[in-house]
Amino acid sequence: MNFFRIKKINFVLIMLPYILWILLFIVIPMLLIVYYSFTNPEHKFTLENILKTGKFYIVFLKSIWLSMISTVICFILGYPMAYFISKTDEKTQNITIIFLMIPTWMSFLLRTFAWMTILENNGLLNSFLNFLHLPKLYLINTTSAVIIGMVYNFLPYMIIPITTVLSKISKNLIEAAQDLGANKFQILLKIIFPLSLPGIISGVTMVFAPAVSTFVISKMLGGGSNLLIGDLIEMQFLGNFYNPYFGSAISLILIIIIFACLSIMNKFGNKGGKNIIV
């Protein structure tokens, strides 16, 4: 009994820092968001903040739509890249991943500002098109510019988890499928893709969640005509319309939306991972 009691105490001591971290940086902030969402400046219970978010349903729908488009583009670009990286040796994989992550080590604001320089009407892109005697592309302050910024900033977070999962797929499975007469397309569709679903779900999560809540990209690349949820929240806490109660309500709705979308994706991922048929 003493041995198990000591072991239990040691386990609690090991977990204590993690428990404190979760309480301080996850549980307590979440409770504060919920509290402010359902109270007014007089600290009385109210549903006004939650109901008021309904007036901005267009902003919510636009944010979700642009985030979904960006996530799909990241998947279309990221999955083939992840597949080819996973086929290389371990040293090449590590070097490639480092090169993918190097831009993320720089300031998010600086990277977005760089895209402003590229996409503005007299920027690098249009200067290059002018050199080739091609028509200009007016992308800055448009929805397309916001999507480009999202894809650029979040693409590595799609590639890395998919690469990790693909590199762990046993070659024996692929060889067995080939022995059974499966061609490359069948192997990709019925073995590699289903087994890579955990990585896809992780990648989609890591792209969709920050994309739907971003505000720097939409403000700098989209101009004032592309107001997203992140911009709306920022205005409540840092703008002239300081209202932490309404800002918390928007944040709470955003958290619910993200969790709902991720739950749906996880269900599809769990179903898809079980159906591996050659």
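The values are calculated or read from the model by the stated rules, or taken from the named source; none is laboratory data. All of these numbers come straight from a predicted model, not from anything done at the bench. Here Cβ is always computed from backbone atoms with ideal geometry, including for glycine, and neighbour counts include all displayed protein chains. We work out accessible area using only protein heavy atoms, side chains counted, and drop any ligands, DNA or RNA first. Shrake-Rupley method; radii C 1.70, N 1.55, O 1.52, S 1.80 Å.
What trypsin sites (Lys or Arg not before Pro) does the stretch 43-139 have in DSSP loop regions with at most 16 other beta carbons within 10 Å?
Those satisfying the criteria are Lys44, Lys87, Lys136.
Using equal-weight Cα scatterers in the Debye expression, the normalised intensity of the stretch 156-278 in log10 at q = 0.10, 0.12, 0.23 Å⁻¹ is -0.48, -0.62, -1.24. Can you match Rg and Dmax of the Cα atoms in Å to one of these, (1) 23.3, 83; (2) 17.7, 57; (3) 19.6, 63, based on a calculation from the structure here? Correct label, based on the coordinates given: (1).
Under the rule of at least 5 residues apart or a separate chain, name every residue whose amide H is placed under 5 Å from the amide H of Thr39. Distant-sequence amide H within range of Thr39: Thr46.
Under the convention that each Lys and Arg Cβ holds +1 and each Asp and Glu Cβ holds -1, the size of the dipole of the stretch 39-138 around its Cα centre is about 200 debye.
If packing is taken as the average number of other Cβ atoms within 10 Å across a peptide's residues, how do 188-197, 92-101 rank, most packed first?
Working: 188-197: 17.9, 92-101: 13.3.
Taking the mean over residues of other Cβ atoms within 10 Å, the ranking is 188-197, 92-101.
For the stretch 27-100, what is Rg from Cα atoms divided by 2.2 N^0.38 Å, rounded to two decimals? Working shown, then result.
Values: Rg = 21.9 Å, N = 74, 2.2 N^0.38 = 11.3 Å.
So the Cα radius of gyration is 1.94 times the expected 2.2 N^0.38 Å.
Applying a length cut-off of 30 Å (Cα extent along the axis) and a mean Kyte-Doolittle floor of -1.0 to the DSSP H helices of the chain leaves 57-86, 143-166, 244-274. Computed across the stretch 70-215, the Kirkwood hydrodynamic radius from all distinct Cα-Cα pairs reaches 17.2 Å.
Within the stretch 219-256, none of the chymotrypsin sites (Phe, Trp or Tyr not before Pro) combine a DSSP coil assignment with at most 10 other C-beta atoms in a 10 angstrom radius.
Under the rule a/c < 1.5 gives rounded, and otherwise a/b versus b/c splits prolate from oblate, where does the stretch 1-132 land using the Cα gyration tensor? Before the final figure, lay out the partial values.
On the way: a/c = 2.76, a/b = 1.25, b/c = 2.21.
Since a/c reaches 1.5 but b/c is at least a/b, the shape of the stretch 1-132 is classed as oblate.
Adding -39500 (n - 2.57) for every DSSP H run of four residues or longer, then dividing by how many residues the chain holds, sets the calculated 222 nm ellipticity at -23500 deg cm²/dmol.
Would you work out what percent of the accessible area of the stretch 95-173, with all protein chains in place, is carbon or sulfur (probe 1.4 Å)? Please list the in-between numbers first.
Details: 3310 of 4650 Å².
Heavy-atom surface of the stretch 95-173 belonging to carbon and sulfur, 1.4 Å probe: 71 percent.
A 1.4 Å probe run over the chain, with the rest of the protein chains in place, finds 62 Å² accessible per residue. When only Cα pairs below 8 angstrom with a gap of at least 6 residues are kept, the chain shows a relative contact order of 26 percent. Within the full protein context, the accessible area of Ile14 is estimated at about 110 Å² for a probe radius of 1.4 Å.
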